[in-house]
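Just so it is clear, none of the values below were taken in a lab; they were calculated from the coordinates. Just so we're clear, the structure is a prediction, and the values are computed from it rather than from any experiment. All Cβ positions, even for glycine, are placed from backbone atoms using ideal geometry, and neighbour counts span all protein chains on display.
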Amino acid sequence: NAGVTQTPKFQVLKTGQSMTLQCAQDMNHNSMYWYRQDPGMGLRLIYYSASEGTTDKGEVPNGYNVSRLNKREFSLRLESAAPSQTSVYFCASSEGLGPLTYEQYFGPGTRLTVT
Amino acid sequence: SQELEQSPQSLIVQEGKNLTINCTSSKTLYGLYWYKQKYGEGLIFLMMLQKGGEEKSHEKITAKLDEKKQQSSLHITASQPSHAGIYLCGADPRGVSASGSARQLTFGSGTQLTVLP
């Protein structure tokens, strides 16, 4: 049981390049999330998917797109990377089937640098 | 929008000392979550508090949600080097009974804890 896995762990992009961050969970969770973490700003929600087939914007969605490929996988795409997107990106998942099942499990993160 | 402010931002303590981290919300808290993060790693769930006055403990860590439900504290007793890391509080401003199965958590900026051996 690997939990939440993310690839890649590190990535360096040039301004304008595109890339997709991959996330997968093996806990049969319904909900998945993408966050970014910047120094002094905590984690901010980029996009989330309440269930397979649905996606919604979070606090900071601009410059990103997501795809809930199936129940296990939730990818984050940067179409044209900008230096402001340099950050650590975390994927998370939660069961989400009742009021006490909202604990979110986090992946190890992807460190992205855009030059 | 709901904002969570954590204090202190950083804390250095000697091993064996007790310490407290606070999380103050600009709005009523519904479902306050505490997480721990080690450098370069993801977040690990510690505990969730739902009701005003609720208190939960796990090993040497105790978290409380005050009666007015706008502040939570995390207390570590007899700290150890293994407690070092960044502690973050998170909350869903919509409440645990809000429709939908996804939690849109807002997080505080974190408290960095260093425990000196």
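In table form, for the structure just shown:
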read-out: Protection-proxy order for peptides A:56-67, B:77-88, each taking the mean of Cβ atoms within 10 Å per residue, highest first; value: B:77-88, A:56-67
read-out: Spin-label pair A:E73/B:K38, simplified geometry with 7 Å Cα→Cβ offset, distance in nm; value: 3.0 nm
read-out: Two-decimal Rg/Rh across chain B, once Rg and the Kirkwood Rh are taken from alpha-carbon atoms; value: 0.97
read-out: Size descriptor, Kirkwood hydrodynamic radius, that averages inverse alpha-carbon separations across region B:47-92, Å; value: 11.5 Å
read-out: Order of A:Y89, A:Y105 - criterion: other Cβ atoms within 10 Å of each residue's Cβ, fewest first; value: A:Y105, A:Y89
read-out: Where only C-alpha atoms are counted, convex hull volume of the protein assembly as shown per residue in Å³; value: 119 Å³
read-out: Estimated inter-spin distance, B:K60 and A:S18, nm [label 7 Å along Cα→Cβ]; value: 5.1 nm
read-out: Net length gained if the chain between B:E67 and B:Q14 were fully extended (0.36 nm per residue, minus Cα distance); value: 16.0 nm
read-out: Order of A:R77, A:R72 - criterion: other Cβ atoms within 10 Å of each residue's Cβ, fewest first; value: A:R77, A:R72
